[in-house]
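*Asks:* My structure is below; once you've seen it, I'll send some questions.
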Amino acid sequence: MTEDDVYLSFLPLAHILDRIIEEYFFRKGASVGFFHGDINALRDDMMELKPTFLAGVPRVLERIYEGLRNLAVVGWSPVDIF
């Protein structure tokens, strides 16, 4: 963990996992970014914040994985996007 690390928070602010991760990042001097509220536009937030750490519930992580897999099928690389 360095000051260059960025955590993208998209869980509810009252979620205990999110609160613990945010506190850890703050203590280490890293950055925390918050998504703008529309889970369907999470990709836009990821492209802007370029997070190095992402924690979430399985449903959302599976959606992210599927999106990246679909991009790989058409020839895009996650590196090209982020």
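*Asks:* Relative to the first principal axis of the alpha-carbon coordinates of the chain, what is the inclination of helix 16-28, with its axis defined by its Cα atoms, in degrees from 0 to 90 and to the nearest 10?
*Replies:* Long axis of 16-28 versus the principal axis of the chain: about 70 degrees.
*Asks:* Among Gly29, Trp76, Ala14, flag the residue with its Cα farthest along the positive direction of the charge dipole of the chain, charges on Cβ as +1 for Lys/Arg and -1 for Asp/Glu.
*Replies:* Ala14
*Asks:* Same structure again: Tell me, what ³J(HN,Hα) does each residue in the stretch 3-9 have, in order and in whole Hz, if you take phi through Karplus 6.51 cos²θ - 1.76 cosθ + 1.60 with θ = phi - 60° and put x for Gly and Pro?
*Replies:* Using θ = phi - 60°, the values come out as 5, 7, 6, 10, 9, 9, 8 Hz.
*Asks:* Can you work out the PRE-style zone for Ser31? Point 7 Å along Cα to Cβ, and I want the residues of the stretch 38-74 with backbone N under 16 Å.
*Replies:* Zone members listed by number: 44-54.
*Asks:* While we're here: May I ask for the Kirkwood hydrodynamic radius of the chain, worked out over all distinct Cα pairs and given in angstroms to one decimal?
*Replies:* Hydrodynamic radius (Kirkwood, Cα pairs) of the chain is 13.5 Å.
*Asks:* Nearest 20 debye, what's the magnitude of the dipole of the chain about its Cα centre given +1 on Lys and Arg Cβ and -1 on Asp and Glu Cβ?
*Replies:* Using only the charged Cβ atoms, the result is roughly 220 debye.
*Asks:* If Lys and Arg each add +1 and Asp and Glu each add -1, what is the summed charge of the other residues whose beta carbon sits under 13 Å from the beta carbon of Met46?
*Replies:* -1
*Asks:* Separate question: Taking 0.36 nm per residue of sequence separation and subtracting the Cα-Cα distance, how much length would be gained by fully extending the chain between Leu61 and Ile20, in nm to one decimal?
*Replies:* Result for the pair: 12.9 nm of gain on full extension.
*Asks:* Per-residue HN-Hα couplings for the stretch 42-54, Karplus 6.51 cos²θ - 1.76 cosθ + 1.60 at θ = phi - 60°, whole Hz, x for Gly and Pro?
*Replies:* Couplings: 4, 4, 4, 5, 5, 5, 7, 7, 6, x, 9, 9, 9 Hz.
*Asks:* Provide the per-residue ³J(HN,Hα) series for the stretch 65-73, in order, calculated from phi with Karplus coefficients 6.51, -1.76, 1.60 and θ = phi - 60°, each as a whole number of Hz, with x at glycine and proline positions.
*Replies:* Ordered by residue, 3J(HN,Hα) equals 4, 4, x, 5, 5, 5, 5, 5, 5 Hz.
Bear in mind these aren't lab numbers, they're just calculated from the coordinates by the rules spelled out. In this text the structure is predicted, and so the values were computed from the model without any measurement. All Cβ positions, glycine included, derive from the backbone under ideal geometry; neighbour counts span all protein chains shown.
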